[in-house]
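The values are calculated or read from the model by the stated rules, or taken from the named source; none is laboratory data. These figures come from a predicted structure and were not determined experimentally. Here the Cβ is made from the backbone with ideal geometry for all residues, glycine too, and neighbour counts use every protein chain on show. Note: areas computed on protein heavy atoms with side chains; ligands, DNA, RNA excluded. Shrake-Rupley method; radii C 1.70, N 1.55, O 1.52, S 1.80 Å.
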Amino acid sequence: MLNVAIRNLLILSASAVVVTSCGESADTKAARALLEQAKTCLDEGNFTRSLELLDSIESAYPAEIAQRREGLHLRPKAIEGVTLRQLETTDSLIAALQIENERLSSAIRFVENPVEGYYVSTSAVKGDFIGTNGIQPRITPEGIFYIVSSVVRPVKSTAVTLTSGGESATTATVAYDDERNYRRNGVEVITFMASECDTLGRFALTHRDEPMKLTFDGATPYTIDFPAARVEELASVYEAATAVNRGKKAQLDKTRLERQLALSRSQQARTFQDEAQGEE
């Protein structure tokens, strides 16, 4: 009787193994279907969609180890495909920006300065700007846009505003501190950093063909006509600085993508070695 019972138990156990191996859970089937779709997208060059499907397996079916493991092998190849396309786009952008920078470089000239030199528009009035009524857009050697304002009037100025038609743009307020905002010999001078005057650069670029007025904002505001030549000066310098910074960003993006590409290829090589070792 004992032998019969043991034999029956073995038969039941074998039957359970057969049932388990032949039948897949709903989650396993769903995860496998997503995996097959990811493979198809990869083969068709739809790398972004392939990554989305692999992410779905990870988030929706964390218990499906086999499908997740196979997905980890596919992911580096999909990342490589996405990265190569992004690199193509970035290289095209860099080439276009180089042409743009060459065009815009003719619109600026370098001014020597004991503290730090800077670039201004080629049409900017030569000689000392300080002591006149107006603003002068500048670019640092690093490509950072900024503006210096000068007014010969007791405005107690803290900001400047450009107005065209019913629209206007104003710098941030720079309080008097006798450094960036100083008043000497009847002249009030403010240096506006990039984040404080970007609004004026964009405004001039958008309205570069329109008549404008410039207001020195303070205790006693003072408004003057802002000549078309000065509008163009502001627009062109801002445009040149923007192009320089776009070029820098594109170069940083390219470096990041090249590292990402190298990493994806390294992961593919490591995966290939792991699979080869597993077959031995």
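The table for this structure:
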read-out	value
Residue check for Ala14: among the hydrophobic types (A, V, I, L, M, F, W, C), assigned to a helix (DSSP H, G or I) and either at pLDDT 50 or above or within 20 Å of Ile65 (Cβ to Cβ) (or both)	no
Verdict on Glu36 being assigned to a loop (DSSP other than H, G, I, E, B) and either touching a residue at least 24 places away in the same chain (Cβ under 8 Å) or of a type in the set (D, E, K, R) (or both)	no
Residue within region 129-138 that is open to solvent by 20 Å² or more (accessible area, probe 1.4 Å), closer than 18 Å to Glu233 by Cα, outside any loop (DSSP other than H, G, I, E, B) and among the basic types (Lys, Arg) present	yes
Hits in region 58-81 (condition: of a type in the set (A, V, I, L, M, F, W, C), farther than 22 Å from Arg270 by Cα and open to solvent by less than 70 Å² (accessible area, probe 1.4 Å))	Ala60
Extreme residue, surrounded by the most Cβ atoms within 10 Å (Cβ to Cβ), among residues of region 187-226 that are of a type in the set (Gly, Ala, Ser), under 33 Å from the mean Cα position of the chain (by Cα) and within 14 Å of Thr161 (Cα to Cα)	Ala204
Options Thr90, Thr48; residue that is in contact with a helix residue (DSSP H, G or I) (Cβ under 7 Å, 6 or more places away or on another chain), part of a helix (DSSP H, G or I) and open to solvent by less than 50 Å² (accessible area, probe 1.4 Å)	Thr90
Pairs with Cβ under 8 Å, 6+ apart, first in region 41-58 and closer than 22 Å to Thr28 by Cβ, second among the charged types (D, E, K, R)	Cys41/Arg49; Leu42/Lys77; Ser50/Lys39; Leu51/Arg75; Leu54/Arg75; Ile57/Glu64; Ile57/Arg68; Glu58/Arg68
Residue list for region 198-229, restricted to those being part of a helix (DSSP H, G or I) and touching a helix residue (DSSP H, G or I) at 6+ places or on another chain (Cβ under 9 Å)	Asp198, Leu200, Gly201, Arg202, Phe203, Ala204, Leu205, Thr206
Looking only at region 28-45, and only at residues there that are more than 33 Å from the chain's Cα centre (by Cα) and open to solvent by 80 Å² or more (accessible area, probe 1.4 Å), the one that is farthest from Ser264 (Cα to Cα)	Lys29
Residues satisfying the stated conditions in region 139-159, i.e. in contact with a helix residue (DSSP H, G or I) (Cβ under 7 Å, 6 or more places away or on another chain) and either assigned to a strand (DSSP E or B) or β-branched (Val, Ile, Thr) (or both)	Ile139, Ile144, Phe145, Tyr146, Ile147
Lone unmet requirement of (1) open to solvent by less than 80 Å² (accessible area, probe 1.4 Å); (2) assigned to a loop (DSSP other than H, G, I, E, B); (3) farther than 17 Å from Tyr222 by Cβ for Glu179	(1)
Residue list for region 105-138, filter: over 32 Å from the mean Cα position of the chain (by Cα), β-branched (Val, Ile, Thr) and either modelled with pLDDT of 90 or more or over 17 Å from Val151 (Cβ atoms) (or both)	Ile130, Thr132
Test set (1) assigned to a helix (DSSP H, G or I); (2) closer than 30 Å to Gln251 by Cβ - Phe110 fails condition number	(1)
